[in-house]
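One structure below.
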Amino acid sequence: MFKKKPFFIVFEGVEGCGKSYQSKKLYNNLKKKKISSILTREPGGTESAEMIRSLILKDYFNKKIKEKFDKYTDTLLYLAARNEHVKNKIIPALKQRKVVICDRFVDSTLAYQVYGKKVSPNFINNIHKTILNGLKPNITFILKVSPTASKLRLSKRKIKNRYDKFDQSFYNKVQKSFLRIAKNKMNYYVLDSSKNDKVLENKIINIVLKHIIK
Ligand code: TMP
């Protein structure tokens, strides 16, 4: 039997890895089992955090502006959005003993800003200490994808985001960073998502049920 309890699940991976698709599938599968959950994302998830998200993405797309956000400004915006999201959505939902499914969280900041852009990890860790106050995902799914599969998925997208244009070597670097983050860690599941089929969807719901139904 499922005894209602707070549970925090995060999906991570490079663009085109299928994490948004799989997090939606998980949300629907939990709903079918009448397990109360919310589906959210980063950057974003609340009205104010979504405003910050569009600021980040607009900066990248506005061709007229030559002056782009410095990498520390960019990082602070991700962290500002996270603060809004954690305080106004994640914590309240966990307090209501819901399952929270989040499309990206702190490991994205590690992979993109620290490993990708060489932002100081101490700078980020210090801010995280204050804004997260010990909040950690119960489980994290890292979806690993082949370059061919991610390229194909990205080419089908109507709305491109800033990293959709980056070259393959950047993706490879980010994916490697996610794998490095997951290495030897408890509660991390690295799953191949190149196929994005029912097999993966079932694997994910079974892992989650194993954790939450005791
Ligand atoms: P999305 O593609 O999952 O919607 O995410 C938007 C972009 O934001 C994606 O390219 C990854 C990037 N990102 C970071 O660079 N750092 C972060 O901390 C987060 C949450 C996202």
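Observations, loosely collected:
- Scan of region 13-47 for residues that are within 9 Å of the ligand (Cβ to nearest atom) and among the acidic types (Asp, Glu), ordered by number: Glu15, Glu42
- Of all residues in region 176-209, exactly one satisfies the criterion of being modelled with pLDDT under 95 and in a helix (DSSP H, G or I), namely Lys198.
- Going through (1) of a type in the set (S, T, N, Q); (2) in contact with a Ser or Thr (Cβ under 8 Å, 6 or more places away or on another chain); (3) crowded, with 18+ Cβ neighbours inside 10 Å one by one, Asn88 falls short only on (3).
- Sole residue being surrounded by fewer than 16 Cβ atoms within 10 Å (Cβ to Cβ) and within 14 Å of the ligand (Cβ to nearest atom), chosen from Tyr78, Tyr72: Tyr72
- The residue that is farthest from the ligand (Cβ to nearest atom), among those in region 83-116 that are of a type in the set (D, E, K, R) and not in a helix (DSSP H, G or I), is Arg97.
- Considering only residues in region 139-170 that are modelled with pLDDT under 85, within 19 Å of the chain's Cα centre (by Cα) and part of a loop (DSSP other than H, G, I, E, B), the one that is surrounded by the fewest Cβ atoms within 10 Å (Cβ to Cβ) turns out to be Ile159.
- Lys66 vs. criteria surrounded by fewer than 18 Cβ atoms within 10 Å (Cβ to Cβ), at pLDDT 95 or above, of a type outside the set (Phe, Trp, Tyr) and more than 11 Å from the ligand (Cβ to nearest atom): no
- Just one residue in the set Cys17, Cys102 is under 12 Å from the mean Cα position of the chain (by Cα) and either at pLDDT below 95 or surrounded by fewer than 18 Cβ atoms within 10 Å (Cβ to Cβ) (or both); that residue is Cys17.
- Test: residue in region 117-138 that is more than 15 Å from the chain's Cα centre (by Cα), modelled with pLDDT under 95 and assigned to a helix (DSSP H, G or I): no
- Among the residues of region 51-73, at least one is more than 30 Å from Ser194 (Cα to Cα), touching a Lys or Arg at 6+ places or on another chain (Cβ under 8 Å) and not aromatic (Phe, Trp, Tyr).
The values are calculated or read from the model by the stated rules, or taken from the named source; none is laboratory data. Keep in mind that what you see is a predicted model, and the values were worked out from it rather than measured. Cβ: placed from backbone, ideal geometry, glycine included. Neighbour counts: every protein chain shown.
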